[in-house]
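To start, the structure itself, in structure tokens.
The values are calculated or read from the model by the stated rules, or taken from the named source; none is laboratory data. Given the structure is predicted, the values throughout are model-derived calculations rather than measurements. In this analysis, Cβ positions are derived from the backbone assuming ideal geometry, glycine residues included, and neighbour counts consider all displayed protein chains.
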């Protein structure tokens, strides 16, 4: 919520204020105008930490924030989504996210300084599901997609899980937080496309070996869609489950604009175009139809020519929105 | 000062003029995490079709100056799910529902009007005329031809419960929006919602291909506002008794005043809901404060002020 302004008396104005303060649940996202604590360069990336206790206390690994860019009257209208990289109890609760400068919005963000205010909505999206038992987990990240894996590693460690990292990027300066990865994980393996750090190649070139040596029970992955597709295939050949966090262009992050859809097979076997912001960004890898990303599969619910069976209709009716 | 915010649209009474634009608020459930949906004038629900629709492939969205280009292709679960799940949720929260309907043919619109009329608690039906007419070989929209638009409105009016207001949602992508408005009013539309997105394109600077799948998309956001205000002004000038919901790039309370002065009786917040999920509550608060600051006792006194010299300060 924005900071409440002073308002005059009057019943109707008071009603307006009540409406603004309303929140539906304690677990849902909040909108806060929060001060920047610091902005730092981390190799090829920037990391911004904001003071946002409401977001910090609700956060679970895998969730993201969306941040307004350019100021209140900016012609750059849409928020930028960023995975939450770190949450700390300082100042009542801080949240850190990572980004690289790609356009005018992220360039503006990189110019923020301490005490500047940012309009941030979060935490958004479904978190990584955590195993009940202390199993062996391998965390695979591509580029800045590594960011949400660090709080995940901490959550898993607290549950007694073994954590191994496989981090890959185009070049050494884009492998994020190798030192932290080495510290928190049992093993950490790095790959770069140009061979400037770790093994030359892709994360999937080494993942199979890591799974075998660490006797991994589950894979968590975050990065570009082609990487997630390849990681899902490797997990499949080893017969272990994989949770992927997808990166898809989105306008709202709250589930209303319907632009960030990906084809995902439900537990009922029906493919739906689901919103990566609220139905994801975390999905079971084998349920994402990677080959059909960027298209509408002919058998997706409501695809052209689709003829829903009465069972499919009933399933859809029974299904509640997240 | 306690400004009286009430407004009236073709037999529908709203406690205040701030509503959501169709397709920019779902059925209210997501935005209810940020404000009380019962508190704004009404929620115009995302256009519902008879059958489930998967929509268009990604990429569906590109950011443009002061706006965005999008092409979701009417993705939605269909009217059965809407009536069983989405509408009851909105009504249970005390929200007022303007239900937007979309069809590929005149008969589909008629069937939807009947289904929505049978549901309890709907405040009005909004007819989305910016959808492709399946009977048209060129795949044009109903709104592209005043006669086709009128045929849809007439069918909806005859299938809808007689006490349920029918609003025609108009496009600005037409030779003369006043002609289109006149045709819809002659077909017994109780009110008009204007405007829908404007067709446009963005080319990806890297791939040199259209930025959204399918090439063309609908432009929305503040970039549209002068086009929308102009359409509202012209139609109100030609038909001052026809109530209008103004839509297009509303971002602040001052924008609501602008639309009402041009001739709107209510004003919808659209794309700005994507960037500011509490926008509706904020816009309503700003609007209320602006009325108080100007000493305007009744919001509805603003309607059409731009047509009358001496109303402003």
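For the range A:298-322, the candidate set comprises residues that are at pLDDT 90 or above and more than 8 Å from chain B (Cβ to nearest Cβ); within that set, the residue that is nearest to residue A:266 (Cα to Cα) is A:299.
Does residue B:103 qualify as being within 13 Å of chain A (Cβ to nearest Cβ) and buried (at least 24 other Cβ atoms within 10 Å of the Cβ)? Judged against the criteria, residue B:103 is not a match. Do you know which residues across the range B:12-30 are at the interface with another protein chain (Cβ under 7 Å from one of its Cβ atoms) and in contact with a helix residue (DSSP H, G or I) (Cβ under 7 Å, 6 or more places away or on another chain)? Hits for the range B:12-30 are B:24, B:25, B:29. Of the residues B:56, B:85, B:8, the single one that is surrounded by fewer than 24 Cβ atoms within 10 Å (Cβ to Cβ), under 25 Å from residue B:195 (Cβ atoms) and facing chain A (nearest Cβ under 10 Å) is B:56. Taking (1) over 17 Å from the mean Cα position of the chain (by Cα); (2) under 16 Å from residue B:77 (Cα atoms); (3) surrounded by fewer than 24 Cβ atoms within 10 Å (Cβ to Cβ) in turn, residue B:49 satisfies each apart from (1). When the residues of the range A:92-107 are filtered to those that are farther than 16 Å from residue A:47 by Cβ and surrounded by 15 or more Cβ atoms within 10 Å (Cβ to Cβ), the one that is nearest to the other protein chains (Cβ to nearest Cβ) is A:105.
Residue-wise test of (1) in a strand (DSSP E or B); (2) at positive phi.
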{"residue": "B:23", "(1), (2)": "no, yes"}
{"residue": "B:29", "(1), (2)": "no, no"}
{"residue": "B:35", "(1), (2)": "no, no"}
{"residue": "B:43", "(1), (2)": "yes, no"}
{"residue": "B:46", "(1), (2)": "yes, no"}
{"residue": "B:59", "(1), (2)": "no, no"}
{"residue": "B:69", "(1), (2)": "yes, no"}
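Does residue A:294 satisfy the criteria of being surrounded by fewer than 17 Cβ atoms within 10 Å (Cβ to Cβ), within 28 Å of residue B:275 (Cβ to Cβ) and modelled with pLDDT under 95? Considered against the rule, which asks whether it is surrounded by fewer than 17 Cβ atoms within 10 Å (Cβ to Cβ), within 28 Å of residue B:275 (Cβ to Cβ) and modelled with pLDDT under 95, residue A:294 comes out as yes. Taking the numbered list (1) touching a residue at least 12 places away in the same chain (Cβ under 8 Å); (2) in a loop (DSSP other than H, G, I, E, B) in turn, residue B:205 passes all entries but (1).
Look at residue A:241 and say whether it is buried (at least 23 other Cβ atoms within 10 Å of the Cβ), farther than 30 Å from residue A:119 by Cβ and modelled with pLDDT of 95 or more. So residue A:241 does not fit the description; no. Looking only at the range A:214-221, decide whether some residue is more than 19 Å from the chain's Cα centre (by Cα), at pLDDT 95 or above and in a helix (DSSP H, G or I). Yes, there is a match, as at least one residue in the range A:214-221 is more than 19 Å from the chain's Cα centre (by Cα), at pLDDT 95 or above and in a helix (DSSP H, G or I). Residues considered: B:143, B:181, B:168, B:189. Of these, the only one that is touching a residue at least 40 places away in the same chain (Cβ under 8 Å) and in a loop (DSSP other than H, G, I, E, B) is B:189. Screening the range B:251-295 for helices (runs of 4 or more DSSP H) wholly inside it with 2 or more residues that are surrounded by fewer than 24 Cβ atoms within 10 Å (Cβ to Cβ), more than 7 Å from chain A (Cβ to nearest Cβ) and at pLDDT 95 or above returns the ranges B:253-262, B:279-294.
Looking at the range A:255-269, can you tell me whether even one residue there is at pLDDT 95 or above, within 23 Å of residue B:33 (Cβ to Cβ) and more than 13 Å from chain B (Cβ to nearest Cβ)? The answer is no; no qualifying residue exists. The set of residues in the range B:114-140 that are touching a helix residue (DSSP H, G or I) at 6+ places or on another chain (Cβ under 7 Å) and in a loop (DSSP other than H, G, I, E, B) comprises B:119, B:121, B:129, B:130, B:131, B:133. Summed over the range A:270-287, the residues that are assigned to a loop (DSSP other than H, G, I, E, B) and either at the interface with another protein chain (Cβ under 10 Å from one of its Cβ atoms) or more than 15 Å from the chain's Cα centre (by Cα) (or both) give a count of 4. Tally time: how many residues in the range B:73-95 are without any contact (Cβ under 8 Å) to a residue 12 or more places away in the chain and assigned to a loop (DSSP other than H, G, I, E, B)? Residues in the range B:73-95 being without any contact (Cβ under 8 Å) to a residue 12 or more places away in the chain and assigned to a loop (DSSP other than H, G, I, E, B): 0 in total. Residue A:190: crowded, with 16+ Cβ neighbours inside 10 Å, assigned to a loop (DSSP other than H, G, I, E, B) and away from every other protein chain (no Cβ under 14 Å), yes or no? Here the answer is no, as residue A:190 does not meet what is asked. If you check residue A:120 against the conditions, is it part of a strand (DSSP E or B), more than 12 Å from every other protein chain (Cβ to nearest Cβ) and surrounded by 23 or more Cβ atoms within 10 Å (Cβ to Cβ)? When the stated conditions are applied, residue A:120 does not pass them. The residues listed here are B:125, B:116; of these, the one that is farther than 19 Å from residue B:194 by Cβ and touching a strand residue (DSSP E or B) at 6+ places or on another chain (Cβ under 8 Å) is B:116.
For the range B:141-149, the criterion of being surrounded by fewer than 22 Cβ atoms within 10 Å (Cβ to Cβ) and under 28 Å from residue A:260 (Cα atoms) is satisfied by at least one residue.
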